[in-house]
Amino acid sequence: MKAKPKKDALYESGLKVRKQVLTAEYVERQFKNASNFTMPMQEMATRAWGLVWTRPGLPHKTRSMLNIAFLIALDKPEELELHVEAALRNGVTPEEIQEILMQAAVYCGFPAALRGTRLAREALERFQSKSRTKTAAKTRKARR
């Protein structure tokens, strides 16, 4: 039998914001694919979202910008693409992402920033493609 997440107020608030930022589809897939071994980590990650992303001190856009910088600094490409797309959903512009990458090159090192730039470009292209597809679908629907 597959483990079920243990829910409480912190978990629920974290789940809500995690789905807003990363998309409900992504988060639900993480839980669907979780095993008894990995479910506690999904629960902890969700509560971590509740701990920091629900605080009033910084808007989601700023938090997303910080995440991009942190992930480049830590050279964590497996998470960077996800957070670049999340940043775009949170209102960070491609130009702002480019500036974060430039700043990271100087402070975090060129190898990590160059890899980050390649991954950010791929995430940006994927995000723009999805946006164009959604816009086209809305236009077709409006014409009917």
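Answer yes or no: is there a residue in region 55-66 that is part of a helix (DSSP H, G or I), among the hydrophobic types (A, V, I, L, M, F, W, C) and either in contact with a helix residue (DSSP H, G or I) (Cβ under 7 Å, 6 or more places away or on another chain) or outside the structural domain of LYS130 (by TED's automatic domain parsing) (or both).
Our first condition is that a residue be part of a helix (DSSP H, G or I); within region 55-66, this holds for 60-66.
Retained after the next criterion (residues that are among the hydrophobic types (A, V, I, L, M, F, W, C)): 65-66.
Checking the rest, the ones that are also either in contact with a helix residue (DSSP H, G or I) (Cβ under 7 Å, 6 or more places away or on another chain) or outside the structural domain of LYS130 (by TED's automatic domain parsing) (or both) come to 65.
Yes: region 55-66 contains one or more residues that are part of a helix (DSSP H, G or I), among the hydrophobic types (A, V, I, L, M, F, W, C) and either in contact with a helix residue (DSSP H, G or I) (Cβ under 7 Å, 6 or more places away or on another chain) or outside the structural domain of LYS130 (by TED's automatic domain parsing) (or both).
Identify all residues within region 36-51 that are part of a loop (DSSP other than H, G, I, E, B) and either surrounded by 12 or more Cβ atoms within 10 Å (Cβ to Cβ) or among the hydrophobic types (A, V, I, L, M, F, W, C) (or both); write none if there are none. Explain how you work it out, then say what you get.
Taking region 36-51 as the starting set, the residues that turn out to be part of a loop (DSSP other than H, G, I, E, B) are 36-38.
Result: PHE37, THR38.
Would you mind telling me which numbered condition in (1) under 25 Å from LEU88 (Cα atoms); (2) touching a Ser or Thr at 6+ places or on another chain (Cβ under 9 Å) PRO5 fails?
Only one criterion is unmet by PRO5, namely (1).
Can you spot a residue in region 52-65 that is touching a Leu at 6+ places or on another chain (Cβ under 7 Å), modelled with pLDDT of 95 or more and surrounded by 13 or more Cβ atoms within 10 Å (Cβ to Cβ)?
Among the residues of region 52-65, not one is touching a Leu at 6+ places or on another chain (Cβ under 7 Å), modelled with pLDDT of 95 or more and surrounded by 13 or more Cβ atoms within 10 Å (Cβ to Cβ), which makes the answer no.
Are any of the residues in region 19-30 of a type in the set (Asp, Glu), without any contact (Cβ under 8 Å) to a residue 24 or more places away in the chain, not in a loop (DSSP other than H, G, I, E, B) and not assigned by TED's automatic domain parsing to the domain that holds HIS83? Break it down stepwise before answering.
In the first step, residues of region 19-30 are kept if they are of a type in the set (Asp, Glu); the result is 25, 28.
If we keep only those that are without any contact (Cβ under 8 Å) to a residue 24 or more places away in the chain too, we end up with 25, 28.
Now drop any that are not not in a loop (DSSP other than H, G, I, E, B), which leaves 25, 28.
In the following step, the residues that additionally are not assigned by TED's automatic domain parsing to the domain that holds HIS83 were identified as 25, 28.
Yes, region 19-30 has at least one match.
Being in contact with a Ser or Thr (Cβ under 8 Å, 6 or more places away or on another chain) and of a type in the set (S, T, N, Q) is true for just one of THR54, THR62, THR117. Which residue is that?
Values: THR62 fails: in contact with a Ser or Thr (Cβ under 8 Å, 6 or more places away or on another chain); THR117 fails: in contact with a Ser or Thr (Cβ under 8 Å, 6 or more places away or on another chain).
Being in contact with a Ser or Thr (Cβ under 8 Å, 6 or more places away or on another chain) and of a type in the set (S, T, N, Q) holds for just one of THR54, THR62, THR117, which is THR54.
The values are calculated or read from the model by the stated rules, or taken from the named source; none is laboratory data. Here the structure is a predicted model, which means the values were calculated and not measured. All Cβ positions, even for glycine, are placed from backbone atoms using ideal geometry, and neighbour counts span all protein chains on display.
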